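Asks: Can you keep this structure in mind? I'll have questions shortly.
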Amino acid sequence: MLFTSLKFIVFITILVIVYYAFTPAKERWGLLLMASLAFYFFADPRFLIFIFVTALVAYVHAIVTEDYQAKRKAYLKQNKELFDGDGKKKYKKTTANVTRLLLVLSLLINLGILAATKYTNFVIDTVNSIRGGEPLSFVNVIIPMGISFYTFQTVSYSIDISRGTVKAERNLLKLLLFVSFFPQLVQGPISRFGDLSQTLYTPKQFEFKNVSYGFIRILWGYFKKLVIADRLLPAIKILTGSPDEYNGAFVFIVMMFYAAQLYCDFTGGIDITIGIAQVLGVTVKENFDLPYFSKNIKEYWNRWHITMGTWFTDYIFYPLSVSPKMLKLSKWSREHLGNAVGKRVTVYISCFAVWLATGIWHGAAWHFVVWGLMNFVVIMASQELEPLYAKFHAKFNLKPHKGYAVFEIIRTFLLMSSLKLFDCYANVGLTFKMFGSMFTTFNAGKLFGGALADIGLSSGDYILLAGSITVVFLVSLYKKFKGTDIRGFLYDRFPLFALSAVILLIATLVFGAYGAGYDASQFIYNQF
Amino acid sequence: MHKLTKNGKKLTRSTILRCLCVAGSVILTLAALWYLQRLLMPKYQKGVVEGSMIEEYYLSEEPHEVIFLGDCEVYENISTVTLFEEYGISSYIRGSAQQLTWQSYYLLEDTLRYETPKVVVFNVLALKYGEPQSESYNRMTLDGMRWSSSKIASIEASMTEDEHMIDYVFPFLRYHSRWSELTATDFEHVFSKDRVTTNGYYMRADVLPEGAFPDPMPLADYTLPDTSMEYLEMMYELCEENDIELVLIKAPTLYPYWYEQWDDQVDEFADAHGIPYINYIYLRDAMGLDMSEDTYDAGLHLNLSGAEKFASYIGQYLINNYDLTDFRQYADVAGEWEDDILFYDSLRQAQEAELSEYGELRSWGANAIE
């Protein structure tokens, strides 16, 4: 059931009516669970098995770990006199070791399911291409919808349980709801148990403002997805499908189109997700914060797919950076390679691991791996070049001002758009070749003389896209300068809010790229 | 702030305002969508006009004792005005482009909601189709039908793989992408349409003599599809239930090719059911058809003179064999027909004028200039 399908819209409409009109507030979480399972069931009944197993493993792990820790703690408290300093340390170490063992077991199963379903064929393909000869056969394996998202949520829950930062959920059904909460199954955000459980299980009352805010956000999401992203997608496919024909200046067009398409597709989907959750009285974390206004790549990654970034930071970067082996390496490096290099070693290794994982997480293909590593290289390079920038600025007396900030924003946008090209072309080699063609055979004249009319977009489409992207830009500018989204401004002038909703709805229905003649494209992040 | 009390709850002015805004938004949305749906749906006023034919029936005021069912082999080949002028037969052609047998059946069901004719004449060419064919032709037949169980059944029977019932219920969902192709005609005809036929007859006054047709392709199986034959059977039963005489015809045009084997099967059906089947291909000379001047598209369809000859001939058969009223004697019906004849004559004059000016029709036909 795609977010853009009529089935989904009917599904969500019925759910909201039943939710508020016929379900007691205390029981509404149960209805959400049923809806989530139904949503998953309609996608493919077999998916339910995977999500059940993942939730069950996390549930058992949490209960066993928490009970074990509590028991050990209670024993220690009751038998203080039996332990001296070393004994206490040893006792705690044993507790930590068992806790770690339990965690490893849980992660092995859940990450194992993820790896087996999503990466088996990737590994086979890679092995085949390396060893040559008789190729290994691919495995016919189903990839459950949203497995990367719900596995990461579950992993974070298990780690947080081990760390003792959240309390174990003792109701299996409630935990299953956390894992399967349907609006975020499709493309995130990756919620943490500590955040989501705050609103997921609490009795929810109908709040007009919440529902209104959620409703208009859903419309905004559909507008971005259907009017902009899905209209651009066929053109991008044409441009990237014939690289010999569409090189040079066309690659720049691909960069611009794909930047707009991916942003509107992904943020549109997240708007629908957060909007639906808000209508249902559930608060889901924001996943974007005006990423295209970032002044550098680091800031960009703090603003784009925020929940994924923080996940990797909290569960890979920090644990790796402060792991005993890494600390030992850091110490050794400082001693043998000097302070300047030594302090970088652990950061580089941790960062490398994060970006490698980020690349692999995005997809079972080498271009994702290269894309992740390119991000690593660019971030590290920009970090290393910072002193040079400072010197340059000082030499030419370049003080921070608006013009320079705009330059930085455009520079970061172009840089990130270039990296996104790895997502567009068939393979890594071709991506480099096409990127290079922008500098060797740009030839802007190729764009004129009707070529842009041959890529599936009419003049009306171009006008529509320009207008729609301008609207998205202006709404973003409002947030940038006011620090809050435009809904508050509109809601305080409710007739304007209502009119905006009507215009958004009608504009999406009329100008949306859906129905006959369109290939109903899934949300890009659906595949994760 | 002014407060009202109802059921113990306070209703503030802002709450009332919000409720009014929500209600207003719903009404505004529905009104806008209704208008946009009418705007965005194809109007079929110029060029391809076949999509206008089915709905025009509902505007016809006079009773019809003869209903023709079928595709272009009826709506382009039989002049309903000639039938009236020569025999007083009040008829209507419920036909549209590539109208499939089941669509004709459901159109008959639909017609019976409004009137019960004495004779139904069904052109058999569509019997060769046993499967849904094309969305665009479906749309031309189905969009114009008024909503009824017949329309729903016809849609269900006609939909190709990529079509959805919801798109028929809310045509807006199908046609929304026409926003970039809207023309002045779309805005002009949001609420009303111009007539394109005279009681279902679509006139073409130009001439393009019949040419050579490709040789018929041998078929692997000459059996007419079960589906279409079942609907023909249903059509027969429906006529029987309503005391309507069913007449099967094959129009006198030679292409698309009508195989002898098909002809035999229709013959057998007619014999088995005791109904007439007349293949007018064999009667072209008898009706005086001269295909060097009675066709406008090299023999695929008849032009005005051909349609008048065919109508004259089939009309004679109808009055000879069925108890049909001479409506020329009934002032009220004749009055209604007067309007139809005026329209018919004005159309003929307009086409003849254009033919004398340009030597061809530029405002009619698939490539008509808007």
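Just so it is clear, none of the values below were taken in a lab; they were calculated from the coordinates. What you see is a predicted model, and the numbers here were worked out from it, not measured in a lab. Using ideal geometry, Cβ is built from the backbone for each residue, glycine included, and neighbour counts are taken over all protein chains shown.
Asks: For region A:240-320, what is the convex hull volume of the alpha-carbon atoms per residue, in Å³?
Replies: Details: hull volume 11.5 nm³, N = 81.
Dividing the Cα hull volume of region A:240-320 by its residue count gives 142 Å³.
Asks: Still on this structure, I have one more. Return a whole-number percent for the relative contact order of region B:179-294, with Cα pairs under 8 Å and 6 or more residues apart as the contact set. It would help to have the intermediate numbers written out before the result.
Replies: On the way: 61 pairs, mean separation 36.2, N = 116.
Worked out over region B:179-294, it gives 31 percent.
Asks: Can you tell me the length gained on complete extension of the stretch B:Arg362 to B:Leu238, counting 0.36 nm per residue apart and subtracting the Cα distance? Intermediate results must be reported in sequence, preceding the final value.
Replies: Details: separation 124, 0.36 × 124 = 44.64 nm, distance 4.19 nm.
Here the segment from B:Arg362 to B:Leu238 would lengthen by 40.5 nm.
Asks: Out of every Cα pair in chain B, what percent are spaced more than 32 Å from each other? Intermediate values should be presented prior to the final figure.
Replies: Details: 25503 of 68265 pairs.
I get 37 percent for the Cα pairs in chain B exceeding 32 Å.
Asks: Using helices alone, what [θ] at 222 nm do you get for chain B, with -39,500 (n - 2.57) per DSSP H run of 4 or more residues, divided over all residues and rounded to the nearest 500? Walk me through the numbers on the way to the answer.
Replies: Details: 14 runs with 165 residues, N = 370.
Theoretical 222 nm ellipticity from helices: -14000 deg cm²/dmol.
Asks: For the protein assembly as shown, take N as its residue count and report Rg(C-alpha) divided by 2.2 N^0.38 Å. Don't jump to the answer; show the numbers that get you there.
Replies: On the way: Rg = 36.2 Å, N = 898, 2.2 N^0.38 = 29.2 Å.
It is 1.24.
Asks: So if I take the alpha carbon set of region B:51-141, get Rg, then get Rh from the Kirkwood formula, what is the Rg over Rh ratio?
Replies: Numbers: Rg = 12.8 Å, Rh = 13.4 Å.
Result: Rg/Rh = 0.95.
Asks: Compute the signed sum of charges (Lys and Arg +1, Asp and Glu -1) over the other residues within less than 15 Å, Cβ to Cβ, of A:Ser459. Please list the in-between numbers first.
Replies: Working: positive: A:Arg231; negative: A:Asp454, A:Asp461, B:Glu181.
Summing Lys and Arg as +1 and Asp and Glu as -1 gives -2.
Asks: Going by how many other Cβ atoms sit within 10 Å of their own, how do B:Glu135, B:Glu240 line up, fewest first? Provide the component values of the computation, followed by the final result.
Replies: Details: B:Glu135 18, B:Glu240 13.
Ranking B:Glu135, B:Glu240 by Cβ neighbours within 10 Å, fewest first, gives B:Glu240, B:Glu135.
Asks: What ranking do B:Phe343, A:Phe407, A:Phe448 get, fewest neighbouring Cβ atoms within 10 angstrom at the top?
Replies: A:Phe448, A:Phe407, B:Phe343
Asks: What percent does the relative contact order of region B:122-174 come to when contacts are Cα pairs within less than 8 Å and at least six residues apart? Don't jump to the answer; show the numbers that get you there.
Replies: On the way: 24 pairs, mean separation 18.5, N = 53.
With pairs under 8 Å counted, the relative contact order is 35 percent.
Asks: Then there is this: Take peptide A:504-510, look around each residue's Cβ out to 10 angstrom, count Cβ atoms belonging to other protein chains, and average those counts.
Replies: 4
Asks: Which log10 I(q)/I(0) values does chain A give at q = 0.07, 0.08 Å⁻¹ under the Debye formula, counting every alpha carbon as one identical point scatterer?
Replies: -0.46, -0.61
Asks: Next question. Please average, across the residues of A:407-418, the number of beta carbons from any other chain that are within 10 Å of each residue's own beta carbon, and give a whole number. Let's see the in-between values first.
Replies: On the way: counts 0, 0, 0, 0, 0, 0, 0, 0, 0, 0, 0, 0.
Mean partner-chain Cβ count within 10 Å for A:407-418: 0.
Asks: Which distance in nm do the two modelled labels at A:Phe407 and A:Thr484 give, with both placed 7 Å along the Cα-to-Cβ direction?
Replies: Those two pseudo-labels are separated by 3.5 nm.
Asks: Let me ask something else about it. Net charge within 10 Å of B:Met41 by Cβ-Cβ distance, Lys/Arg positive one each and Asp/Glu negative one each, not counting B:Met41 itself?
Replies: Working: positive: B:Arg38, B:Lys43, B:Arg139, B:Arg174, B:Arg178; negative: B:Asp143, B:Asp186.
Spelling it out: positives minus negatives among the neighbours equals +3.
Asks: May I ask you to list the chymotrypsin sites (Phe, Trp or Tyr not before Pro) in region A:169-225 that are in a DSSP loop and have at most 13 other Cβ atoms within 10 Å of their Cβ? Before the final figure, lay out each step's value.
Replies: Working: sites: A:Phe178, A:Phe181, A:Phe193, A:Tyr201, A:Phe206, A:Phe208, A:Tyr213, A:Phe215, A:Trp220, A:Tyr222, A:Phe223; in loops: A:Phe181, A:Tyr201, A:Phe206.
The qualifying sites are A:Phe206.
Asks: So, in Å, what gap is there between the alpha-carbon centers of region A:474-501 and region B:286-361?
Replies: 64
Asks: Order by neighbour count: A:Asp86, A:Asp265, A:Asp160, fewest other Cβ atoms within 10 Å first, most last.
Replies: Details: A:Asp86 8, A:Asp265 25, A:Asp160 19.
By the 10 Å Cβ count, ascending: A:Asp86, A:Asp160, A:Asp265.
Asks: How far is the Cα center of region A:370-384 from the Cα center of region A:53-132, in Å?
Replies: If you average the Cα positions of each part, the centres end up 32 Å apart.
Asks: Sum up the charges of everything whose Cβ sits under 15 Å from the Cβ of A:Asn427, counting Lys and Arg as +1 and Asp and Glu as -1, but leave A:Asn427 out.
Replies: -2
Asks: State which entries of A:Lys90/A:Lys325; B:Lys118/B:Lys309; A:Lys71/A:Lys118; A:Lys285/A:Lys480; A:Lys209/A:Lys298 exceed 27 angstrom in Cα-Cα distance in the structure shown. Display every interim value, and only then the final one.
Replies: Numbers: A:Lys90/A:Lys325 20 Å; B:Lys118/B:Lys309 23 Å; A:Lys71/A:Lys118 38 Å; A:Lys285/A:Lys480 19 Å; A:Lys209/A:Lys298 35 Å.
Going by Cα-Cα distance, A:Lys71/A:Lys118; A:Lys209/A:Lys298 fall outside the 27 Å limit.
Asks: Let me ask something else. What aspartates and glutamates sit close enough to A:Lys89 to cross-link, taking a C-alpha to C-alpha distance under 18 Å and skipping anything fewer than 8 places away on the same chain?
Replies: A:Glu81
Asks: As I understand it, the dipole of region A:292-424 uses +1 on the Cβ of Lys and Arg and -1 on the Cβ of Asp and Glu, about the Cα centre. Which of A:Ala405, A:Val377, A:Ala365 lies farthest toward its positive end?
Replies: About the Cα centre, the residue reaching furthest to the positive side is A:Ala405.
Asks: List the relative contact order of chain A as a percent without decimals, with contacts defined as Cα pairs under 8 Å and 6+ residues apart.
Replies: On the way: 594 pairs, mean separation 98.2, N = 528.
Rounded, it is 19 percent for chain A.
Asks: Per-residue ellipticity at 222 nm for chain A, helices alone: DSSP H runs ≥ 4 residues times -39500 (n - 2.57), over residue total, nearest 500 deg cm²/dmol?
Replies: -23000 deg cm²/dmol
Asks: Over 19 Å, how big is the tail of the calculated P(r) for region B:115-205, in percent of all Cα pairs?
Replies: Working: 2362 of 4095 pairs.
In whole percent, the long-distance tail amounts to 58.
Asks: Checking the table A:Lys7/A:Lys204; B:Lys43/B:Lys151; A:Lys224/B:Lys193; A:Lys7/B:Lys128; A:Lys73/A:Lys343; A:Lys167/A:Lys328 against a 29 Å threshold on Cα-Cα, which pairs fail?
Replies: Details: A:Lys7/A:Lys204 25 Å; B:Lys43/B:Lys151 20 Å; A:Lys224/B:Lys193 36 Å; A:Lys7/B:Lys128 36 Å; A:Lys73/A:Lys343 37 Å; A:Lys167/A:Lys328 33 Å.
Distance filter (> 29 Å) returns A:Lys224/B:Lys193; A:Lys7/B:Lys128; A:Lys73/A:Lys343; A:Lys167/A:Lys328.
Asks: To the nearest 0.05, how large is the calculated FRET efficiency for A:Thr13 and A:Asn79 if R₀ is 51 Å and r is the Cβ-Cβ distance?
Replies: Values: r = 59 Å, r/R0 = 1.17.
The formula returns an efficiency of 0.30 here.
Asks: I would also like to ask the following. When the Kirkwood radius is taken over all Cα pairs of region A:1-66, what Stokes-Einstein diffusion coefficient follows at 37 °C and 0.692 mPa s, in µm²/s?
Replies: Working: Rh = 13.6 Å.
For the chosen part, D equals 242 µm²/s.
Asks: Sticking with this structure for a sec: Specify the inter-centroid distance of region B:71-105 and region A:164-228, based on alpha-carbon positions, in whole Å.
Replies: If we compute the Cα centre of each part, the gap is 60 Å.
Asks: Going Cα to Cα from A:Lys446, which lysines come in below 21 Å? Please leave out same-chain ones fewer than 8 positions away.
Replies: A:Lys237, A:Lys433
Asks: Follow-up. Run through the DSSP bridge list for the protein assembly as shown and note the antiparallel percent, rounded to the nearest 5. If you can, show how the numbers build up before the last one.
Replies: Working: 6 of 23 bridges.
So the antiparallel bridges in the protein assembly as shown amount to around 25 percent.
Asks: Would you kindly give the portion of the calculated P(r) for region A:375-528 that falls above 20 Å, as a percent of all Cα pairs? Before the final figure, lay out each step's value.
Replies: Values: 8618 of 11781 pairs.
For region A:375-528, the fraction of Cα-Cα distances above 20 Å is 73 percent.
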